[in-house]
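Undergrad: I am attaching a structure below and will ask some questions about it afterwards.
The values are calculated or read from the model by the stated rules, or taken from the named source; none is laboratory data. Keep in mind the model is a prediction, meaning the values are calculated, not measured. When we count neighbours, we look across all protein chains shown, and the Cβ atoms used for this are built from the backbone with ideal geometry, even at glycine. Remember, those area values only see protein heavy atoms, side chains included, never the ligands or the DNA or RNA. Shrake-Rupley method; radii C 1.70, N 1.55, O 1.52, S 1.80 Å.
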Amino acid sequence: MEIIIDGKKAAVQEGETILQAARRNGIDIPTLCYSDALPGITSCRICMVEVKENGVTKRVASCAYPVHEGMEVTTDNETIRRTRNVLLNLYSARVPHNKDIKALKEKYDVPEIKRLQVNKGETHLAENCVLCGLCVKACEEMGTNAISTVFRGAEKKVGTPFDEPSDSCIGCGACASVCPTEAIQMTQENGVRTIWDKTFELIQCKECGKYFATAQEIAYVKQKIGNDMDMALCEKCKQKGNAAKFKEALKAELDI
Amino acid sequence: MDLSQVKQETLAIASSYKPERRFILAILQDVQRKYNYLPKESLVIVAEYVGVELTKVYSVATFYKALSLKPKGENIIKVCDGTACHVKGSMNLIQEVKDILGIEPGETSEDGKFSLETVGCVGACGLAPVVVINDEYHGNLTPASLREIINRYRGGENHGK
Amino acid sequence: MESKKTILVCCGTGCLANGSQKIYDAFKEQLKALELDVELIPDVKGTGCHGLCQKGPLVHILPQQITYVHVKDSDVPEIIAKSITNNEVIDRLLYFDAQQKAKVQSKEDWTFDKKQMRLALRNVGHIDNESIDDYIERDGYKAIAKVLKNMKPQEVIDEMKHSKLRGRGGGGFLTGLKWSFAAKAEGSPKYVICNADEGDPGAFMDRSVLEGDPHTVLEGMAICAYAIGANRGFLYVRDEYGLAVKNMKKAIEAAKKRGFLGENILGTEFSFDAEIVRGGGAFVCGEETALIASIEGKTGEPVQKPPFPADKGLWGKPTIINNVETWSNVPLIINKGADWFRSIGTENSPGTKVFALVGKIANTGLVEVPMGITLRELIFDIGGGIPGGRKFKAVQTGGPSGGCIPESKLDLPVDFDSLTAEGSMMGSGGLVVMDDRTCMVEVARFYMQFLYGESCGKCAPCREGIKRMLEILGDICEGRGQEGDIDLLLEMGEAIQESSLCALGKTAANPVISNIENFREEFEEHIKNKRCPAGVCKDLTEFYVDAEACKGCTLCAKRCPVGAISGEKKQLHVIDSEKCTKCGICIDSCKFNAIKVK
């Protein structure tokens, strides 16, 4: 199937989104809430493109809009830029010190809207979180469901129930690794990982001695897979052995 | 409050629904009605009952305006701030309640007698401006008439229960 | 022998709030005590909304067609003695029609009612809220019988398509077309949903149908279920609408008992069941994908369309969602035919529309008019114009998704396309009338404040954009407006429209944009001169008494809640601006228009 992106013909596959098609064809579209492994959140809205099909022109979120034969896509024009400029300014008003948003603003040459009030931010999460929802989706996909969005509207945040350490959290860190703005604090010291106000004992790789997973994570995966695979090797060392399947199935794609 | 009693009562409420995720909101509404808020223990029980993680129940509990994690007052004063009431002076009514009770919208008075809420539209625009106290409607209000009504409730009259 | 009398007591929420339950009970009790001949005991019916809520409680007596307004329970003995037993009309309780400058006996002859055409509300106010027999008597469940006996599902869809009925919930999408998508869609089971999460501030059309004619909604849903091949329906009703929930529950039970709902309806193969889901208090759940999420037991967050619910809706299955008023039109179209329906209204917006006429208007209430009527007719003929000798300023249509329409555009015909072209929208049907005591900047801020509280927070433009626009509007209202703010609001508004995930966000900036377009000078006055011409924004307002106009009647001094006005009888009054809280009660109470805004 063929569509036109920014005036050029591009070969696309049935069922893929405009974003996927554009990126495969080397065309850049910015995103925050998109991950190949966790698509379809559609919350960040900076991937808007213009689509012309069946005589209708409209702006759509490229990360969720499927390609159709013969459609024309424009990834950069006056309206798209104006919208993106406002959006990135809204993000920087929310997380004024975040370097990822700063980098995006620089990359797309976004003029500063100085009039906007900016957030002060009380916690690290509030300082950097843009509420894209990737962490929650990652936690859902893991099946742990330790975090979710809480409250609504301007008060919305990501957290554990009652802001207490969650019984379900296994300290896998998938949430932190998918976060596009490094908002989730995860520290590792002396074989102990701390995340979401909970500490976890880290397990060393039998081969190389590197800390690679929490004890709870290993127990969780074992229980999920339901067999007695050798769980004592880190990712690298695993490749040598034959204990790799579970991790790839469940988690490898999340480890950006 | 007796914890085991809360748990039992919550379970009793939940049991009138099938243990399915779709009933989370309905069960929480009933729990809210019983206690005027959602006790933490109730959320745990509801999650267990319908078979989902606590996060799912907690996010629902914090999303909907009808639900509250904090105890509300004995009498709930809802000042309608729908458009019709707004253009007919609901702001003055909100100010009056603030002055009388010393609480902001969303707060509960120290004696636990009143909560103040502003609500979107209670659908009684013909009587604007409207205040609903517990489930009773009071229409065509002025700050003075509202003060009288609140004083009635203060005097121990309690229509809602 | 004299025909049996019926007393219809309006028991809509508006009249109940004014004490109509007491009146209903008093009639019941006192008629019983009269020990009339059994044949002569009048039926006392608690009905849905009669329309003119402001004059409530309303009582209508049949067959004489006498309508009484502002009835009190103490009037009941007199009504029974005179109007029921003696056919006498009590002049004191009749409605004074300002346009006709006379008291009018029956509501049928009120100017308020004359230009109306009640289709969706055809039964509301005429039947007992709780009586399925009353509904059946007025052609109720005739349409589902017709459909099941004489029509194939495709024929039902064709008829609906031909009728060109458009969704009354706001979007105005063609109902029949939507149904055809769900009928064709793969996936089973399919579902039918009634969106009764009416949340627009200033609108109560759906509530009146749910309260006053619940069966018509069920019948409409059953017809759709048959047409698309569904067997299960859900009614998502705002929990605050206690009476609506109660009446609908009873209606479902009654319909099941009579075989209009449940297994093998009317002895056919077709089965359809419906249940109520109580909304949790989230405006965003009026958006169909958010509503679906809410029924599934999740937070009410919308998801990206496409796929549309007709393809993948509730639990991923094909689902039709229509709003209450749309459903109410369905049985009528089936009974009377699509051609008849299209003869009403305009070419592209056939039929009628129900409006809640509220705000600064003489006749507040619920009206139903053919599409294409002008706003001027609605506001001045039916609504009776602006009370208190004040001047019309704007009418807000479409709720938080709509916009304010100024005087110069009042001759606009009311239909889906005209209002959208004006930067407003039909919305679900709230019409809020504003007079010169309304500040359009403050109104814009009000809508942003509302949406700030109701945005689900999932997508960034809606969550962050509304917050920042609200801050800027707040600044303007409080004297901190800056040059360039107006253009910035427009720029942000456009970006939010362009990029938001769902209809709530996409339309959120409409009230601001349309107010700027139509009332730009008022914004500029706030920003440049720090002055609110309407006298609403307290920080930018000062009141004074016009020495020429003041008659020294003392009313303002009496009404002032903070004692800021002083003056002797028949002497000029003075406002102490230190004490004055600028609530404006003095302005509203002054009969001589003597209190002015500096």
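Undergrad: Using Cα pairs under 8 angstrom and six or more residues apart, how large is the relative contact order of chain C, in percent?
TA: 11 percent
Undergrad: How fast does chain C diffuse by Stokes-Einstein, in µm²/s, taking the Kirkwood radius from C-alpha pairs at 37 °C and 0.692 mPa s?
TA: Using the Kirkwood radius from Cα pairs, D works out to 127 µm²/s.
Undergrad: Here is a further query. Under 13 Å Cα to Cα from C:Lys570, which aspartates and glutamates show up? Leave out anything in the same chain fewer than 8 places away.
TA: Those aspartates and glutamates meeting the cut-off are C:Glu548.
Undergrad: Antiparallel DSSP bridges in the protein assembly as shown: what percent, to the nearest 5?
TA: So the antiparallel bridges in the protein assembly as shown amount to around 65 percent.
Undergrad: Ignoring ligands and nucleic acids, what accessible area does C:Lys538 show with a 1.4 Å probe (Å², nearest 10)?
TA: Accessible area of C:Lys538: about 90 Å².
Undergrad: Would you calculate, for the protein assembly as shown, the mean residue ellipticity at 222 nm contributed by helices, counting each DSSP H stretch of 4 or more residues as -39,500 (n - 2.57) and dividing by all residues, to the nearest 500?
TA: -10500 deg cm²/dmol
Undergrad: What are the semi-axes of the equivalent ellipsoid of region C:444-589, taken as the square roots of 5 times the eigenvalues of the Cα gyration tensor, listed largest first and rounded to whole Å?
TA: 39, 15, 11
Undergrad: Next question. With a ≥ b ≥ c taken as the square roots of the eigenvalues of the C-alpha gyration tensor of region A:1-122, please select rounded if a/c is under 1.5 and otherwise prolate if a/b is larger than b/c or oblate if it is not?
TA: prolate
Undergrad: With all protein chains present and a 1.4 Å probe, how do C:Trp315, A:Trp196, C:Trp179, C:Trp340 order by accessible area, largest first?
TA: So, going from the largest accessible area down, we get C:Trp315, C:Trp340, A:Trp196, C:Trp179.
Undergrad: Measure nothing fancy, just the Cα-based angle from helix B:3-14's long axis to the longest principal axis of chain B, in degrees from 0 to 90, nearest 10.
TA: Value to nearest ten degrees: 90.
Undergrad: Report for chain C the percent antiparallel among DSSP-assigned beta bridges with both residues inside it, nearest 5.
TA: That works out to approximately 55 percent antiparallel.
Undergrad: Bin by bin, in steps of 5 Å, what percent of the Cα pairs in region C:448-500 do you find, going until the bin that has the longest distance?
TA: Cα pair-distance distribution for region C:448-500, in percent: 5, 22, 29, 24, 14, 6, 1.
Undergrad: Also, quick follow-up: Enumerate the lysines that C:Lys114 could reach by cross-link, defined here as Cα to Cα under 23 Å, with residues fewer than 8 away along the same chain left out.
TA: Within the straight-line cut-off, C:Lys114 pairs with C:Lys55, C:Lys101, C:Lys103, C:Lys336, C:Lys353, C:Lys360.
Undergrad: Among C:Ile382, C:Ile136, what's the order by accessible area (1.4 angstrom probe), most exposed first?
TA: My answer, sorted largest first, is C:Ile136, C:Ile382.
Undergrad: If you line up the long axis of helix B:90-101 against the longest principal axis of chain B, both from Cα atoms, how many degrees apart are they, to the nearest 10?
TA: For B:90-101 against chain B, the angle is about 80 degrees.
Undergrad: Enter the mean projected area of the convex hull around the alpha-carbon atoms of region C:310-358, in nm², rounded to one decimal.
TA: The orientation-averaged projected area of the Cα hull of region C:310-358 comes to 5.3 nm².
Undergrad: Next question, about the same structure. For a Förster distance of 60 Å, can you work out the FRET efficiency between the beta-carbons of C:Asp139 and C:Ala33, rounded to the nearest 0.05?
TA: Calculated value: 0.95.
Undergrad: In addition: Quick check: from the Cα gyration tensor, does chain A come out rounded (a/c under 1.5), prolate or oblate?
TA: It comes out oblate by the Cα gyration axes.
Undergrad: For a test of the definition: using alpha carbon positions, the gyration tensor, and the 1.5 limit on a/c, classify region C:132-342 as rounded, prolate or oblate.
TA: It comes out rounded by the Cα gyration axes.
Undergrad: What's the angle, to the nearest 10 degrees (0 to 90), between helix B:54-63's Cα axis and the longest principal axis of chain B?
TA: 10 degrees
Undergrad: Any idea of the accessible area per residue across region C:325-406, 1.4 Å probe, to the nearest Å²?
TA: Normalised by residue count, the accessible surface of region C:325-406 is 23 Å².
Undergrad: Of the DSSP beta bridges with both residues in chain A, give the percent that are antiparallel, rounding to the nearest 5.
TA: 95 percent
Undergrad: Students sometimes get this wrong: rank B:Ser145, C:Ser499 by accessible area, probe 1.4 Å, all chains present, largest first.
TA: B:Ser145, C:Ser499
Undergrad: When you have a sec, figure out the Kirkwood radius of region C:211-268 from all distinct Cα pair distances and drop it here in Å to one decimal?
TA: In region C:211-268 this quantity evaluates to 12.0 Å.
Undergrad: Normalised by the number of residues in region C:440-528, what is the relative contact order in percent for Cα pairs under 8 Å and 6+ residues apart?
TA: 38 percent
Undergrad: Note down the Stokes-Einstein diffusion coefficient of region B:4-130 in µm²/s, whole number, using a Kirkwood radius over alpha carbon pairs, 37 °C, and 0.692 mPa s.
TA: Once the numbers are plugged in, D ends up at 206 µm²/s.
Undergrad: Next up: Take the Cα atoms of region C:542-597, build their convex hull, and give its volume per residue in Å³.
TA: That works out to 63 Å³ per residue.
Undergrad: Tell me the total accessible area that B and C bury against each other, 1.4 angstrom probe, in square angstrom rounded to 100.
TA: Interface between B and C: roughly 3300 Å².
Undergrad: At 1.4 Å probe size, what's the solvent-accessible area of A:Ile170? Round to the nearest 10 Å².
TA: Probe radius 1.4 Å; accessible area of A:Ile170 about 10 Å².
Undergrad: Follow-up question, since we're still on this one. Given springs between every Cα pair under 10 Å in a Gaussian network model of chain A, which of A:Asn190, A:Asn77, A:Asn98 has the largest fluctuation?
TA: A:Asn190
Undergrad: Hull surface divided by four, with the convex hull built on the Cα atoms of region C:6-110: how many nm²?
TA: Averaged projected hull area, Cα only: 6.0 nm².
Undergrad: For C:Lys152 and A:Gln117, FRET efficiency with R0 = 56 Å and r from the beta-carbon atoms, rounded to 0.05?
TA: Efficiency at R0 = 56 Å is approximately 0.40.
Undergrad: Hey, which aspartates and glutamates would be in cross-link range of C:Lys312, C-alpha to C-alpha under 13 Å, not counting anything within fewer than 8 residues on its own chain?
TA: Straight-line reach from C:Lys312, under 13 Å: C:Glu186, C:Glu288.
Undergrad: I'd like the carbon and sulfur percentage of the solvent accessible area for region B:75-154, probe radius 1.4 Å, heavy atoms only, ligands and nucleic acids excluded.
TA: 43 percent
Undergrad: Let me ask you something else. For a quick check of understanding: with a 1.4 angstrom probe and all protein chains in place, what accessible area in square angstrom does A:Thr144 have, to the nearest ten?
TA: We get 10 Å² for A:Thr144.
Undergrad: Right, here's the next one. Please go through region C:1-98 and write out the GluC sites (Glu not before Pro) that DSSP classes as loop and that have at most 10 other C-beta atoms within 10 Å.
TA: When the GluC sites (Glu not before Pro) of region C:1-98 are filtered for loop state and at most 10 Cβ neighbours within 10 Å, C:Glu2, C:Glu35 remain.
Undergrad: Viscosity 1.306 mPa s, temperature 10 °C: give me the Stokes-Einstein translational D for the protein assembly as shown in µm²/s, with Rh taken as the Kirkwood radius over C-alpha pairs.
TA: D = 52 µm²/s.
Undergrad: Further question on the same structure: At 7 Å along Cα-to-Cβ for each site, give me the label-to-label distance between B:Lys113 and A:Gln13 in nm.
TA: Roughly 7.0 nm, to one decimal.
Undergrad: Restricting to DSSP loop positions (anything but H, G, I, E, B) with no more than 10 other Cβ atoms inside 10 Å of their own Cβ, which GluC sites (Glu not before Pro) remain in region C:501-598?
TA: C:Glu548, C:Glu568, C:Glu578
Undergrad: Which whole number of Å³ per residue matches the convex hull of the alpha-carbon atoms in region A:134-243?
TA: 110 Å³
Undergrad: A further question on this structure: Within region A:26-155, what whole-number % of the accessible surface is contributed by carbon and sulfur, with the 1.4 Å probe and all protein chains included in the calculation?
TA: Carbon and sulfur together cover 47 percent of it.
Undergrad: On average, how much accessible surface per residue is there in region C:18-63, in Å², for a 1.4 Å probe, leaving out ligands, DNA and RNA?
TA: Ligands and nucleic acids excluded, the figure is 46 Å² per residue.
Undergrad: Let me ask something additional. With the alpha-carbon atoms as the only input, what is the per residue convex hull volume for region C:286-443 in Å³?
TA: 149 Å³
Undergrad: Next up: For A:Lys210, enumerate residues with amide H under 5 Å from its amide H, sequence gap 5+ or separate chain, H modeled in the peptide plane.
TA: Here the answer is A:Cys205, since their amide H atoms fall under 5 Å of that of A:Lys210.
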